[in-house]
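Participant: Before I ask anything, here is the structure I am working with.
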């Protein structure tokens with residue numbers, strides 16, 4: 001298998017892969033796998049991979065309580081407005097990946 005890192009969707013595909021692994025971790029309740037996802041994500045950021053909003057899928061949502069790997073759902077007062085994730089979930093992910101905030105449980 002040949003991997004083209006210059007492929008136009010490489011970053012998006014990376015984060016989609018992270019989502020797939022997060023879904024598996026959620027299915028198996030594997031906290032070590034969650035922690036490994038964070039390590040991989042931080043390493044990718046250090047190598048210059050850009051952050052995409054869908055990357056937040058591997059963290060739980062503080063708004064609707066979606067588990068890692070699960071898409072957000074509309075809740076009263078916090079509609080998704082056509083997006084896959086609540087903005088707060090994306091914010092938590094961005095801050096945690098940059099080391100600006102502690103990781104949310106069960107990753108902490």
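Each value in this text was obtained by applying a stated rule to the coordinates, not by laboratory testing. Note that the structure is predicted; figures quoted are calculated from it, not measured. Reconstructed Cβ throughout: ideal geometry from the backbone, glycine too, with neighbour counts over all protein chains shown.
Participant: If you count, for each residue, the other Cβ atoms within 10 Å and average over each peptide, how do 21-29, 85-93 line up from highest to lowest?
Facilitator: Averaged packing, sorted descending, gives the order 85-93, 21-29.
Participant: Another question about this same structure. How high is the relative contact order of the stretch 10-97, in percent, counting Cα pairs under 8 Å that sit 6 or more residues apart?
Facilitator: On the way: 110 pairs, mean separation 26.0, N = 88.
For the stretch 10-97, the relative contact order is 29 percent.
Participant: Can you show me the helix-derived [θ] at 222 nm for the chain, built from DSSP H runs with n ≥ 4 at -39,500 (n - 2.57) apiece and divided by the number of residues, rounded to the nearest 500.
Facilitator: On the way: 3 runs with 46 residues, N = 108.
After summing the helix terms and dividing by the residues of the chain, the value is -14000 deg cm²/dmol.
Participant: Right, here's the next one. Relative to the longest principal axis of the C-alpha atoms of the chain, give the angle of the C-alpha long axis of helix 10-28, reported between 0 and 90° and rounded to the nearest 10°.
Facilitator: 50
Participant: Same structure again: Which shape class, rounded, prolate or oblate, goes with the stretch 2-90 when its Cα gyration tensor gives a ≥ b ≥ c as root eigenvalues, a/c under 1.5 marks rounded, and past that a/b bigger than b/c marks prolate?
Facilitator: Working: a/c = 2.15, a/b = 1.41, b/c = 1.52.
Oblate shape, in that a/c is at least 1.5 and b/c is the bigger or equal ratio.
Participant: Angle check, please: helix 31-46 long axis (alpha carbons) against the longest principal axis of the chain (alpha carbons), in degrees 0 to 90, nearest 10.
Facilitator: Taking Cα atoms only, the helix is inclined about 60 degrees.
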